[in-house]
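What follows is calculated from the coordinates using simple rules that are stated; it is not laboratory data. These figures come from a predicted structure and were not determined experimentally. So basically every Cβ, Gly included, is an ideal-geometry build from the backbone, and we count neighbours across all protein chains shown.
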Amino acid sequence: MTEKNARWTAGVWQNGEKPICRKFMTATAVKTNYEAIIGLETHCQLNTASKIFCNCSTDFDSPPNTNVCPVCLGYPGVLPVLNEEVLAAAVKLGLAINGQIAPYSKFDRKQYFYPDLPKNYQISQFDLPIVEHGSLEIELVDKKTKEITRKTIGITRLHMEEDAGKLVHAGSDRLAGSTHSLVDFNRTGVPLLEIVSEPDLRTGQEAAEYAQSLRQLVRYLGISDGNMQEGSLRCDVNISVRPVGQEEFGTKVEIKNMNSFSAIQKAIEYEIERQIEAIANGEEIYQETRLWEEGSQRTISMRKKEGSSDYRYFPEPDLPPLEVSEQQQQAWLATLPELPSAKRARYEKDLGLSAYDARVLTEDREVAFYFEEAVDAGADPKAVTNWVTQDIAAYLNNNRLTIGELALKPSALAELIALITKGTISGKIAKDILPELLEKGGSPQKIIEARGLVQISDPDELTAIIQAVIADHPKELEKFRSGKGNMQGFFVGQVMKRTGGKADPKLTNQLIGKLLAQA
């Protein structure tokens with residue numbers, strides 16, 4: 001039992017929060033009578049060199065308030081001009097999610113007041129967004145069996161907008177926390193795409209997988225790095241619960257402040273339990289915004305909402321409407337790379353890989369490119385998969401490297417696999433020289449020649465070595481003769497030891513079996 005569950009069972013909770021009742025924790029029937037309705041609002045920060053409506057840099061590491069100008073600061077008399085790359089990115093992502101690209105759309109002013117919003121309004125899109133009615137397929141992996149099920153999540157809309165600034169809470173006070181806040185306007189006007197899903201998600205796992213699939217997509221398209229820890233991808237979750245079979249949605253609660261996919265899943269799972277428990281206790285669910293508190297692994301109330309905010313939208317008078325022709329759409333469509341779903345399908349159909357292997361290889365675009373280069377160099381796809389997803393992946397994780405930083409090039413990996421296939425070296429020898437290849441690169445052929453590691457595959461040479469090993473171990477031979485068949489493995493090990501691992505394993509086993517039977 002976890003510490004959290006122990007506290008729930010005991011009927012206590014920290015910081016004075018009302019405990020979840022013992023009955024709920026022990027009776028799953030209550031939970032199975034309800035289902036969660038979940039939707040995500042995702043903000044994706046684009047990686048354009050300049051902001052959405054001016055030429056200011058979007059450099060993430062610049063000193064505070066250095067990437068600003070009269071346009072992004074909202075000075076009177078200035079005129080915004082749309083960055084064409086932002087429109088291109090919006091249309092490309094819209095096409096990638098199978099959305100309908102609007103031939104006519106417009107920008108609107110969204111009015112609200114906040115210290116880091118210099119204009120006191122945000123330029124966004126309201127009733128006529130650039131993309132509507134899309135979808136995204138997600139894959140759900142069973143951790144035990146590695147079986148994959150697929151589900152399609154609807155996407156209501158995708159629209160362009162500008163980001164606000166950033167408040168930096170500074171100072172320290174033991175009781176009150178931060179003593180003052182500073183505002184950095186560098187982020188003001190950085191281009192965003194907001195993607196709003198349909199309420200098709202039902203679990204925390206599905207929501208986390210949806211967010212990861214969206215990040216994967218923008219990375220494949222090259223329009224964003226999708227780093228959640230830097231705020232390039234931000235997800236707000238809308239969640240409610242209802243009795244199974246009921247069509248009407250329950251009261252919606254919004255969860256903010258999640259900076260990882262695991263936080264999305266954990267926050268949703270906690271909130272589902274919290275809401276079901278409240279209903280079971282006859283309590284009312286309020287429409288509110290809650291925050292995910294990582295330390296205590298719970299959601300906490302931030303503010304109550306009586307109804308939808310009135311942002312007093314009206315068309316942005318300083319920007320003309322957008323018209324995207326069919327010809328422009330086709331031109332952008334032609335620039336799209338092979339997308340993850342298509343790549344996975346090709347790996348399964350054309351290369352004979354399992355759905356799980358195809359998923360692992362395509363999670364990162366650079367890994368997929370590395371895999372394909374090795375296969376194009378003549379290596380067996382399954383063999384490349386094993387090396388990339390096991391030994392190479394472990395090395396990259398341990399050394400915190402990306403595959404693009406790897407010294408072992410795809411062509412060299414293909415060469416290594418070919419040496420094993422031809423019988424020039426054994427798998428053991430390949431693993432012995434792998435560390436040098438991973439750190440320094442180079443040719444596997446030259447390394448084995450320089451070290452004298454060519455595999456012994458001559459039957460006559462191996463027979464002589466095996467006969468010598470048998471002669472040196474008469475006691476073990478008697479054990480074999482008395483019926484201990486597992487002693488054959490002992491002799492194989494001794495041959496490998498005597499040859500420094502250079503003996504052909506398959507041929508060695510065959511010859512030892514034959515010679516022991518004759519001994």
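Between the listed residues Leu322, Ser262, Ala393, the Cα displaced farthest toward the positive end of the dipole of the chain, a dipole computed from Cβ unit charges relative to the Cα centre, is found at Ala393.
Annotation for segment 260-312 versus segment 199-215: alpha-carbon center distance of 17 Å. If we count every other residue with Cβ under 13 angstrom of Leu462's Cβ, Lys/Arg +1 and Asp/Glu -1, where does the sum land? Every neighbour counted, the sum reads 0. Highest-first packing order for the peptide set 377-389, 309-321 is 377-389, 309-321, based on the mean count of other beta carbon atoms within 10 Å. A crude spin-label estimate for the pair Asp142 and Lys446, with each label 7 Å from Cα along the Cβ direction, gives 4.9 nm. Model label sites at Asn397 and Ser411, defined 7 Å from Cα along the beta-carbon direction, differ in position by 3.1 nm.
Ordering 292-301, 42-51, 472-481 by mean Cβ neighbour count within 10 Å, with the highest value first, yields 42-51, 292-301, 472-481. Extending 7 Å from Cα along the Cβ direction at Leu167 and again at Asp310 yields two label points whose distance is 2.4 nm. In this Cβ point-charge picture (+1 for Lys and Arg, -1 for Asp and Glu), the chain has a dipole of about 1940 debye about its Cα centre.
When you count the other C-beta atoms within 10 angstrom of each residue and take the mean per peptide, 185-194, 417-426 line up highest first as 185-194, 417-426. When both bridge partners sit in the chain, DSSP labels roughly 90% of those beta bridges antiparallel.
Counting neighbouring beta carbons within 10 Å and listing from fewest to most, the residues Lys428, Lys266 come out as Lys428, Lys266.
Ordered by the number of other Cβ atoms lying within 10 Å of each residue's own Cβ, fewest first, Arg109, Arg346 fall into the sequence Arg346, Arg109. If you take the square roots of the eigenvalues of the alpha-carbon gyration tensor of segment 459-518 and sort them as a ≥ b ≥ c, do you get rounded (a/c under 1.5), prolate (a/b over b/c) or oblate? In terms of gyration-tensor shape, prolate.
Past 31 Å, Cα to Cα, is the threshold; run Lys146/Lys304; Lys151/Lys422; Lys409/Lys502 against it and keep the listed order. All intermediate terms of the calculation are to be shown ahead of the outcome.
On the way: Lys146/Lys304 42 Å; Lys151/Lys422 43 Å; Lys409/Lys502 25 Å.
Checking Cα-Cα distances, Lys146/Lys304; Lys151/Lys422 exceed 31 Å.
Principal axis analysis of the Cα atoms in segment 338-451 yields extents of 44, 32, 19 Å, listed in decreasing size. Farthest toward the positive end of the dipole of the chain, out of Gly77, Gln510, Leu419, is the Cα of Gln510, where the dipole comes from beta carbon charges about the Cα centre. Around the amide H of Met302, modelled in the peptide plane, lie the amide H atoms of Thr289, Arg290, Leu291, all under 5 Å away and 5 or more residues distant in sequence or on another chain.
Once you have a ≥ b ≥ c as the square roots of the Cα gyration tensor eigenvalues for segment 83-226, tell me rounded if a/c is under 1.5, and otherwise prolate or oblate according to whether a/b is larger than b/c. Since a/c reaches 1.5 but b/c is at least a/b, the shape of segment 83-226 is classed as oblate. Between the alpha-carbon centres of segment 335-403 and segment 442-519 there is a gap of 35 Å.
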